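Enquirer: I have a structure here, written as structure tokens, and I will follow up with some questions on it.
Values quoted throughout were computed directly from the atomic coordinates according to the rules given, and no laboratory measurement underlies them. The structure presented is a predicted model; accordingly, all values stated were derived computationally and were not measured. Because the Cβ atoms are built from the backbone with ideal geometry, glycine has one as well, and the counts that use them run over all protein chains shown.
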Amino acid sequence: LNKSKDIGVRVSSAIYILEEISNDRNLPLHARTLIWNVSSELETVKI
């Protein structure tokens, strides 16, 4: 992710990427859970 962009844009981009990855049917359940946890933490970032 580009550090010159606003933190809100970077957080939104990261969440979008993680959501795309978590939709992969071949992803193990424990990995999907970890991705959801990271995504939840990102949603708490103050913009």
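Enquirer: Helix 7-22 against the longest principal axis of the chain: what's the angle in degrees, Cα atoms only, rounded to the nearest 10?
Expert: 10 degrees
Enquirer: While we're looking at this one, here's another question. Would you mind working out the magnitude of the charge dipole of the chain relative to its Cα centre, with +1 at each Lys and Arg C-beta and -1 at each Asp and Glu C-beta, to the nearest 20 Debye?
Expert: It works out to roughly 140 debye.
Enquirer: Here is a follow-up. Mean residue ellipticity at 222 nm from the helices of the chain, using -39,500 (n - 2.57) per DSSP H segment of n ≥ 4 over the full residue count, to the nearest 500 deg cm²/dmol?
Expert: -21500 deg cm²/dmol, from helical runs alone.
Enquirer: Right, here's the next one. Kindly express, to the nearest 10 degrees and within the range 0 to 90, the angle between helix 29-43's C-alpha long axis and the longest C-alpha principal axis of the chain.
Expert: It works out to around 20 degrees.
Enquirer: Further question: Which label marks the calculated value of Cα extents along the principal axes in Å, given the options (i) 40, 20, 15; (ii) 33, 18, 11; (iii) 39, 26, 9?
Expert: Recomputing Cα extents along the principal axes in Å here picks out (ii).
Enquirer: For a quick check of your reading of the filter: which trypsin sites (Lys or Arg not before Pro) in the chain sit in a DSSP loop and have no more than 15 other Cβ atoms within 10 Å?
Expert: Loop-located and lightly packed - Lys3, Lys5, Arg25, Lys46.
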